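Scroll down for the structure; my scribbles are underneath it.
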Amino acid sequence: MLVSWKWLSRYIDLPMKHEDLASRLSLSGLNHEGTTTVNSDIVIDLEVTSNRGDCLGHLGVAREISVLYDLPLKTPKIDLRESSTSIESLLSVENAFVEGCPRYTARVIQGIQVGKSPDWMAESLSSVGIGVVNNVVDATNYVMMECGQPLHAFDYSKLAENKIVIRQADPGETIEAIDHRTYALDPSMCVIADARQANAVAGVMGGAVSEVDDATTDLVIEAAIFTPLSVRRTARKLKLHSPSSYRFERRVDPVGVDWASRRVCQLILESAGGQLANGSIDTAAKFVPNEPVVLRLSQLERILGIRIDREEVERILVALGCESIASSDSYRPPSWRHDLSREADLIEEVARIHGYEKIPEDAPIPVAPSSKRDFDVAMERVRSVMISAGISETMTPSVVTDSLDASVSPWTERASLRTETPMLKGARCLRRTLIPSLLEGRANNWALASFDAELFEIAHIYLPGEKQPGDKLEALPDEQYSLAVVSGREYLEMKGLIETLCERMGIAETVSVKPVDRLGMTKGATVQVHCGGHEIGYLGVVDPKVLKTWKLTGQVVAAELSLVALLAAAKLVPQQQSVSVFPSVQRDLNFVLAESVRWSELDRVVRSAVGSELAAVDYRETYRDPKKDGADRKRILLSVELQRHDGTLSGEEADALIERVIQACDKELSAKLLS
């Protein structure tokens with residue numbers, strides 16, 4: 001925001017040096033970017049944060065200076081004389097798109113003479129980098145730079161049927177803007193039209209079709225409020241950013257709309273003559289004031305570490321435009337301060353005006369004891385396991401392209417949720433899984449000669465809701481917190497990593513798997529992972545066809561776990577467990593069984609057969625000998641450790657338990673003990 005020293009002087013006396021003013025403004029939140037001299041005028045460049053749209057005009061900056069230096073503010077007085085001609089007889093306004101334009105006002109000026117602007121106005125605009133056009137256009141620009149409210153002037157004679165319609169753009173509609181370039185519009189955009197065609201892109205730029213020129217004699221003055229998101233989307237889509245769109249994106253003062261409309265009419269009448277039609281058209285004249293905010297002095301002292309008198313607090317907030325609510329500690333923020341909605345906001349206002357430099361560096365600030373949430377403890381353990389395994393954490397966007405979304409989807413086959421406007425170029429799908437993003441990251445690392453990028457990510461995925469039988473509406477989407485890993489390691493290594501993670505989360509139950517088929521994963525090499533009776537995720541080898549799209553070579557194993565399910569089964573506080581003081585008995589068993597039997601099934605049968613006397617079951621090795629054992633048969637060697645907590649296990653008791661294991665394996669899995 002370029003601020004002219006001479007221009008500021010019209011609203012407030014400036015007894016200080018400009019260097020001191022720039023420094024004071026920087027300490028209060030308006031950072032000083034630089035100072036230049038333009039035609040003997042000092043111009044200060046201030047960085048205005050996105051929440052301070054009220055400072056995108058000289059009056060707003062003057063208001064800040066007024067409070068900082070306790071100086072009186074001189075707001076221009078507006079005295080308008082209206083003709084007997086009613087505006088309703090000259091113009092009609094229809095707002096058919098309230099979502100894009102909550103409020104639209106219009107005034108009509110007749111009989112003007114377009115010409116040169118007054119020297120003082122031309123010099124003021126030139127000093128802040130605004131081009132001089134004529135006394136009408138310059139007046140709208142001057143008021144915008146004065147109070148921050150963008151305005152537009154239409155040539156009244158060029159409006160078909162003397163009508164203004166605020167509406168959505170028609171599919172395939174185009175407009176030639178005042179920069180004399182043609183832009184393609186779509187229904188997501190708001191336009192200001194007449195009875196036949198669009199005359200302006202709302203909040204962004206006017207159209208050439210109703211542009212003011214030397215032959216113009218009658219004007220329609222527009223002052224409106226356009227929805228920030230609508231203006232931002234339109235400006236981005238059209239790649240057409242303007243001083244007007246910059247201000248609408250940061251919100252304008254709803255009360256200042258009418259003031260700006262009357263102010264520009266005053267300036268036009270002074271420089272171009274003419275008569276102002278009686279009245280104005282306002283589609284939403286009613287204004288809803290901001291809600292009061294409670295400010296407790298105890299909180300102010302607790303947060304800032306210093307005590308500020310109530311009188312000083314009230315002086316600062318009232319000077320900033322807040323209304324003090326009688327018999328309470330509440331203040332109603334002014335209409336131009338959309339950013340004051342919480343107690344912390346008011347405390348910040350008091351601190352910056354009172355002066356941050358007045359807060360001692362060693363001011364004691366009370367600290368309350370706190371503890372980590374279970375969630376934070378769990379996430380620390382998850383990251384610790386992953387990083388200890390040599391896997392690097394990454395962060396990827398939550399929106400993905402259609403091709404990325406369609407590559408892998410272990411959780412659901414339902415179509416992904418989509419955004420109305422791409423958040424990134426070509427990316428409109430809210431991701432249903434983290435795996436494709438990690439595969440893309442591995443491919444990017446591969447392209448940069450980092451051939452063994454082992455990556456994990458902790459983030460949300462977005463699973464579309466499923467309509468249940470009898471329901472009229474679909475269920476709400478599920479925002480699931482997930483952990484995903486991609487690695488070039490072997491499948492069993494990744495399974496071991498998941499088992500280690502479950503162990504670190506305090507889950508005593510064993511990890512079991514169930515074969516499944518999932519999009520983007522190799523058939524026969526993908527499993528659903530269960531732990532503690534909970535379905536926690538998926539593990540498998542990525543389909544080579546998917547890898548080929550990223551030009552990845554070799555095998556890639558991917559896993560994705562629901563951290564919600566993992567936390568539900570976790571026991572983060574270590575529990576006391578009794579340790580037997582009696583010796584254990586260990587026996588090795590070598591079973592011949594079908595190739596299709598998984599270790600998890602064998603482990604389950606052994607554990608259920610022994611019961612409480614089981615200390616451990618350990619896998620040793622797998623051996624295949626088709627000549628001796630037959631086709632599709634294998635041998636699994638395992639070790640069973642038996643132990644009691646109330647006495648020494650005898651040899652006969654151990655033999656009986658082992659016999660139960662052998663019989664259970666034979667009955668349930670047709671597993672024969674190798675003699």
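Nothing in this text is a laboratory measurement; each read-out follows from the coordinates by a stated rule. Since the model is a prediction, treat every value here as computed from it, not as a measurement. Every residue, glycine among them, receives a Cβ derived from its backbone with ideal geometry; neighbour counts consider all protein chains shown.
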Item checked: Hits among lysines - C-alpha to C-alpha of Lys372 under 27 Å, sequence gap 8 or more where chains match -> Lys571
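Decide, for segment 536-675, between rounded, prolate and oblate: order the square roots of the alpha carbon gyration tensor eigenvalues as a ≥ b ≥ c, take rounded if a/c falls under 1.5, and otherwise choose prolate if a/b is larger than b/c, else oblate. Don't skip to the end; give the middle numbers.
Values: a/c = 2.97, a/b = 1.33, b/c = 2.23.
It is oblate, given that a/c is not under 1.5 and a/b is not larger than b/c.
Please compute the contact order of segment 82-282 in relative form: average sequence separation of alpha-carbon pairs under 8 Å and at least six residues apart, divided by the residue count, as a percent. Write out the running numbers ahead of the final one.
Details: 440 pairs, mean separation 70.1, N = 201.
Relative contact order here is 35 percent.
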Notebook entry, point to check: Hey, which aspartates and glutamates would be in cross-link range of Lys17, C-alpha to C-alpha under 14 Å, not counting anything within fewer than 8 residues on its own chain?
Noted result: Asp41
Item checked: Projected label distance in nm at Ser9 and Arg620, using a 7 Å step from Cα toward the beta-carbon -> 9.8
Item checked: Partners for Lys237 among aspartates and glutamates (Cα-Cα distance below 17 Å; same-chain residues under 8 apart left out) -> Asp170, Glu173, Glu176, Asp179, Asp186, Glu249, Glu420
Note to self: So for segment 293-358, averaging the separation of alpha carbon pairs under 8 Å that are six or more residues apart and normalising by length, what relative contact order in percent results?
What the structure shows: 38
Note to self: With angles folded into 0 to 90 degrees, how steeply does helix 651-669 sit against the dominant principal axis of the chain? Use alpha carbons for both and round to 10.
What the structure shows: 60
Check: By how many degrees, between 0 and 90 and to the nearest 10, does the Cα long axis of helix 435-447 differ from the longest principal axis of the chain?
Finding: 90
Next item on the list: Just add up the charged neighbours of Pro360: K/R +1, D/E -1, any other residue whose Cβ is under 15 Å from the Cβ of Pro360.
Entry: -2
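Could you state the orientation-averaged shadow area of the convex hull built on the Cα atoms of segment 476-625, in nm² to one decimal? Working shown, then result.
On the way: hull surface 50.1 nm².
If you wrap the Cα atoms of segment 476-625 in a convex hull and average its projections, you get 12.5 nm².
Looking at the square roots a ≥ b ≥ c of the eigenvalues of the Cα gyration tensor of segment 89-151, which shape do they give, rounded for a/c under 1.5, prolate if a/b is larger than b/c, or oblate? Mind showing how you got there, number by number?
Details: a/c = 3.68, a/b = 1.59, b/c = 2.32.
Verdict is oblate for segment 89-151.
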Note to self: With an 8 Å Cα cut-off and a minimum separation of 6 or more residues, compute the relative contact order for the chain in percent.
What the structure shows: 9
Checklist line | Two-site FRET efficiency, Thr510 against Ser84, from Cβ-Cβ distance with R₀ of 60 Å, rounded to 0.05 | finding: 0.10
Checklist line | Overall form of segment 2-69 per C-alpha gyration tensor (a/c, 1.5; a/b vs b/c) | finding: rounded
Checklist line | Cut-off 15 Å, label 7 Å out along Cα→Cβ of Thr217, residues of segment 73-112 by amide N | finding: 109-112
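With charges only on Cβ, +1 for K and R and -1 for D and E, what is the dipole size of the chain about its Cα centre, in debye, rounded to 20? Walk me through the intermediate numbers first.
On the way: 76 positive and 97 negative charges, 248 e Å.
So the magnitude is around 1200 debye.
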Item checked: Sum of -39500 (n - 2.57) over DSSP H runs of 4+, divided by residues of the chain (222 nm, nearest 500) -> -9000 deg cm²/dmol
